[in-house]
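Here is the structure we will look at, set down as structure tokens.
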Amino acid sequence: MNANQRNRLTSRTTWERVGSWFVFLFFLFGFYVNNSGGLLDLFSPQYGYQGWEISEWLINYEGGFVRRGLLGQALLASEQAGMYDVRVAIQLIYTLSSVVILFIIGHVFKAEGWSPLLLLTGLCLGYTLFNPWGRKDFLMLALTFMIFHCYRTAVTRHQRGIAAWILLYVLSALQLLAHEGSFFFTFPILMLHSYCESRSHNLSSSRSAASSLLRFLPVLAVMAAVIIFRGNNHVADAIWASWDKVFATYPADGGSQIGLGVQALTWDPVTTFNKHLYSAYVGSDSPSYWGIPLALSVIVSAYYLLTRIDSATMGKSRPKQPDRTLLSNVSLVQFISLIPMFTILSCDWGRTLPYWMLSTLFFYHIFKHDAGTFPACLTSVSQATQRFIGNSKLLSSRFTYLLLVLVTPVPNYFAPLNHLNTIQHRCYLYLSDAINHISTLLMS
């Protein structure tokens, strides 16, 4: 390599670092815009009881066993032991779960040598850190990380196997009884891994499937229970009435009206599924089929950014290159598992995308040395896709990665239906207002 080539390479690397830092700081600003006040309002809650961010936590078992009731029952029991503002307790729990998930993510990214560039885009953290809009998401993802660790211990360390399985079942019950949606990004991939592991030991497909189902039978039983006991009007009324004393002592707007999270227990499943599917891809306020290609483009971009996570660097050294085929395998399995959440069960892509991205990175980090067993057809698809990206000068460019990080329209919370409903646009408006304000002051 001659001097001119070295100079061009150094210049390209410098501009790449500058671009990475620019994108990172832009989204760091976006994080501030969307979350400033979350911590400041911790002990002076601005939220009423009726909104999703508080009311979902209030679901309990006072009307009988029902999905998502475990945490609400614990909050009610502790409230009865000593009166307190449950909204403060909920915000404190969410703040602690945000700290825990940040610690886990920091550990994973440091161990893998990945740049934190992708974290703040909304694909991973969704801009809901320290903000109760995230509800139980980070708590569930933290439990997913621990369940993955328990499973790996159970299948690789025979001396601790039984204890690890027992702990896995306990954590799984806590997770599913807190929110059943966690099933989709936690257990299908573990069941697939269990099946493939059995097949690698020359067991038949039927015996491997039976073995996998047997291992996760307690998990499936809990999931079946929360599906069957979805709730109804009687249960919702009993739950809300159980908090009357708290509402009277710590009044807030909407305390007398049943909260949205509790109301959801009364929703008709078919109507709910249709509403979510329609909202996620067409839109409910101003329906447009342009939302479908936009939503699909976000999914494709998220897959690309996830599997090429080592492309960007903000320091002097290059991140460690991951096993892209394995990373692709894991991300595809997690996406397929989450299709119910991406379609009929949720229109909140600001939650579903972090489920996909973070659970993929967690599984890869924990199983990268012993998770080579995936179906051959899936591995072939991953290899072909990554080979296509690697052979394309445009797609393999680090600047393409940075550009997609910058422009992928990931919204603050709802499905990506509107190009203007994005973090990028909100940051632009915020900066534009600040510049206009400063210009006005200078000119006056």
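The values are calculated or read from the model by the stated rules, or taken from the named source; none is laboratory data. Worth saying up front: this structure is predicted, and the values here are computed from it rather than measured. Ideal geometry is used to build each Cβ from the backbone, glycine not excepted, and the neighbour counts take in all protein chains shown.
Of everything in the range 80-92, what is assigned to a helix (DSSP H, G or I), in contact (Cβ under 8 Å) with a residue 12 or more places away in the chain, of a type outside the set (G, A, S) and more than 17 Å from Y127 (Cα to Cα)? Give them in sequence order. Working first, answer last.
First, the residues of the range 80-92 that are assigned to a helix (DSSP H, G or I): 80-81, 86-92.
Filter again for in contact (Cβ under 8 Å) with a residue 12 or more places away in the chain, leaving 86-92.
Applying the additional criterion that residues be of a type outside the set (G, A, S) yields 86-88, 90-92.
Within the range 80-92, V86, R87, V88, I90, L92 meet the criteria.
Whether a residue is buried (at least 21 other Cβ atoms within 10 Å of the Cβ) and in contact with a helix residue (DSSP H, G or I) (Cβ under 8 Å, 6 or more places away or on another chain) was assessed, and H193 passes this test. Residue count for the range 240-269 under the criterion of being within 14 Å of G64 (Cα to Cα) and more than 28 Å from the chain's Cα centre (by Cα): the result is 3.
Exactly one residue out of V246, V155 is of a type in the set (V, I, T), at pLDDT below 95 and buried (at least 19 other Cβ atoms within 10 Å of the Cβ), and it is V246.
I'm trying to understand the selection: among the residues of the range 51-80, which are under 26 Å from the mean Cα position of the chain (by Cα), at pLDDT 90 or above and not aliphatic (A, V, I, L, M)? I'd like the intermediate steps shown before the answer.
Of all residues in the range 51-80, those under 26 Å from the mean Cα position of the chain (by Cα) come to 51-60, 66-75.
Still in the list and also at pLDDT 90 or above: 54-60, 66-75.
Hits for the range 51-80 are S55, E56, W57, N60, R67, R68, G69, G72, Q73.
So in the range 408-444, with the set limited to residues that are surrounded by 12 or more Cβ atoms within 10 Å (Cβ to Cβ) and among the β-branched types (V, I, T), which one is modelled with the highest pLDDT? Going through the qualifying residues, I end up with T408.
Return yes or no: is A142 at negative phi, small (G, A, S) and over 14 Å from the mean Cα position of the chain (by Cα)? So A142 does not fit the description; no. Is it the case that some residue within the range 66-73 is in contact (Cβ under 8 Å) with a residue 40 or more places away in the chain, in a helix (DSSP H, G or I) and of a type in the set (V, I, T)? Looking for residues that are in contact (Cβ under 8 Å) with a residue 40 or more places away in the chain, in a helix (DSSP H, G or I) and of a type in the set (V, I, T), one finds none in the range 66-73, hence no. As a summary of the residue check, F138 satisfies the conditions (1) surrounded by fewer than 23 Cβ atoms within 10 Å (Cβ to Cβ); (2) within 19 Å of V99 (Cβ to Cβ) except for the one numbered (1). Among the residues of the range 119-164, those identified as within 26 Å of Y303 (Cβ to Cβ) and either touching a Gly at 6+ places or on another chain (Cβ under 6 Å) or without any contact (Cβ under 8 Å) to a residue 12 or more places away in the chain (or both) are G126, T128. The single condition among (1) in contact with a Ser or Thr (Cβ under 9 Å, 6 or more places away or on another chain); (2) of a type outside the set (F, W, Y); (3) not in a helix (DSSP H, G or I) that H369 does not meet is (1). Counting the residues of the range 254-290 that are in contact with a Gly (Cβ under 6 Å, 6 or more places away or on another chain) and either modelled with pLDDT of 70 or more or of a type in the set (A, V, I, L, M, F, W, C) (or both) gives 3.
Listed by position, the helices (runs of 4 or more DSSP H) inside the range 180-261 whose residues that are touching a Ser or Thr at 6+ places or on another chain (Cβ under 9 Å) and closer than 30 Å to L332 by Cβ number at least 1 are 183-200, 205-215, 217-228.
Kindly indicate whether I239 is within 19 Å of E180 (Cα to Cα), exposed (fewer than 13 other Cβ atoms within 10 Å of the Cβ) and at pLDDT 90 or above. Judged against the criteria, I239 is not a match.
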